[in-house]
Amino acid sequence: MPKVSSVIVPYAVYLRVYEPLAAFPEPERTHWARYARRPDLPSYQDELRRSLAGLLPTPPVAAPVQESGDAFVTEVDGVLCVCPWRTRLRGWLALAELDEELPRPVLEAALPEVVRLQAAQDHERWLESNPDARPWIRMAVWQVPLHWFVLVSDEERAYEKGTGEVAPVLRYRTPMVQARRRVARSLRTLKDSMDEGPLVEGLLDVGRWLEEFHPRSLVELDYGGLVHVLPAGDLEDDHSARDVAEGIEALRTGDGAAAGEAYARLVERWRSVRDRRSAN
C-alpha cells in the first residue's frame, strides 16, 4: 500500500494489542491473513495522517464513514499477530472525551456541535449491533501516561537511533500474560500504600481493557511520533519503565525515600516534555 505522505505527524504515543490470527473470526481472519502478505504495509504515521485528514473538509469529518480495513501486523514465535486500526471506533471514543480536554471555543472551531452530535448518534446506532466492540489501540498526546509503563519492563525496551532517512524508534513489547500480571501486582501494592488517584484509576482501566483480548496477545508501548520532537540524548536516557517499577517496588517494601526519588526522576523527565509542548 503506498504511503500517504512523507510529512511527519509528531506528538502521538500508542499502546497497542496484537492478537494472534486465530483470535479473529471468519471472514476477518482470512482478510488479515491476506493483508499481512502485502508488500508495503502502512505505518503509524500513515494511520494518524488519515485520521487528521478528516478534519480538513468543511464541515470536518469527526469519524470515518467506513471502518478502516488496515492493521499493524507482526510475528511472535512464528505466529502472525494483528492489531486492527479500527479508526472509526477510536474516533467515536475520542469524541466522547473532547469536552473535558479542550476549551469550548477551540472545540467548536475544530468540530462544531452539529458534527459532534451526528457522530454521537452514528456511534449509538452502531453500538446496537456491536455492543462488545473495543479498540486494539489507545493513544495519548505529548506524553506517555505513567500507568502504561507498569505493563512493561526496562528489559523489554528497544531503542533505535535511526538515521537521516529512517526515523528513531523507542518501544516496549511484552506478552499479554506478563502485562496482566504486572498490573495485578502493582494494583495490590498501590492500594496498600496510597489513596486511590489517577495512577490507580488508570491501572484499573487499562487492566479491564487488557482482559478483553486473547491471552497469547502481544502488548506494545510505542513512543510513536514523540521521538521526532525529543533529542536523541533524552530518548537514549529515558528509562521510565524502570523508574516506575523501582518506585512501586519501593512502596511495596516501605522505602518511601526510594519511591520519592523514582517519582522525582519521572517528574523531571516528563516536565521537559511538557515544556516543549508549551513552546509549540
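The set of residues in segment 168-197 that are surrounded by fewer than 19 Cβ atoms within 10 Å (Cβ to Cβ) and either modelled with pLDDT under 95 or aliphatic (A, V, I, L, M) (or both) comprises Pro168, Val169, Val177, Ala184, Leu187, Lys191, Asp192, Ser193, Met194, Asp195, Glu196, Gly197. Before we move on, is Thr58 at pLDDT 95 or above, surrounded by fewer than 19 Cβ atoms within 10 Å (Cβ to Cβ), out of contact with any Asp or Glu (no Cβ under 6 Å at 6 or more places or on another chain) and of a type in the set (S, T, N, Q)? When the stated conditions are applied, Thr58 does not pass them. Have a look at Ala264, Ala158, Ala250 and point out the one that is aliphatic (A, V, I, L, M), more than 26 Å from Cys81 (Cα to Cα), surrounded by fewer than 13 Cβ atoms within 10 Å (Cβ to Cβ) and without any contact (Cβ under 8 Å) to a residue 24 or more places away in the chain. Step by step, each of Ala264, Ala158, Ala250 is checked, and only Ala264 is aliphatic (A, V, I, L, M), more than 26 Å from Cys81 (Cα to Cα), surrounded by fewer than 13 Cβ atoms within 10 Å (Cβ to Cβ) and without any contact (Cβ under 8 Å) to a residue 24 or more places away in the chain. Scanning segment 156-174 for residues that are within 11 Å of Leu235 (Cβ to Cβ), outside any strand (DSSP E or B) and not small (Gly, Ala, Ser) returns Lys161, Pro168. Taking the numbered list (1) assigned to a helix (DSSP H, G or I); (2) without any contact (Cβ under 8 Å) to a residue 60 or more places away in the chain; (3) more than 30 Å from Leu80 (Cβ to Cβ) in turn, Glu236 passes all entries but (2).
Listed here are the residues, each with its yes/no results for (1) of a type in the set (Val, Ile, Thr); (2) in a helix (DSSP H, G or I).
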residue: Val177; (1), (2): yes, yes
residue: Val183; (1), (2): yes, yes
residue: Leu187; (1), (2): no, yes
residue: Asp192; (1), (2): no, yes
residue: Asp195; (1), (2): no, no
residue: Glu201; (1), (2): no, yes
residue: Arg208; (1), (2): no, yes
residue: His214; (1), (2): no, no
residue: Leu221; (1), (2): no, no
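The set of residues in segment 136-155 that are surrounded by fewer than 21 Cβ atoms within 10 Å (Cβ to Cβ), at pLDDT below 95 and in a loop (DSSP other than H, G, I, E, B) comprises Trp142, Gln143, Pro145.
The values are calculated or read from the model by the stated rules, or taken from the named source; none is laboratory data. Just so you know, these numbers come straight off a predicted model, no measurement behind them. Virtual Cβ from ideal backbone geometry, glycine too; neighbours counted across all protein chains shown.
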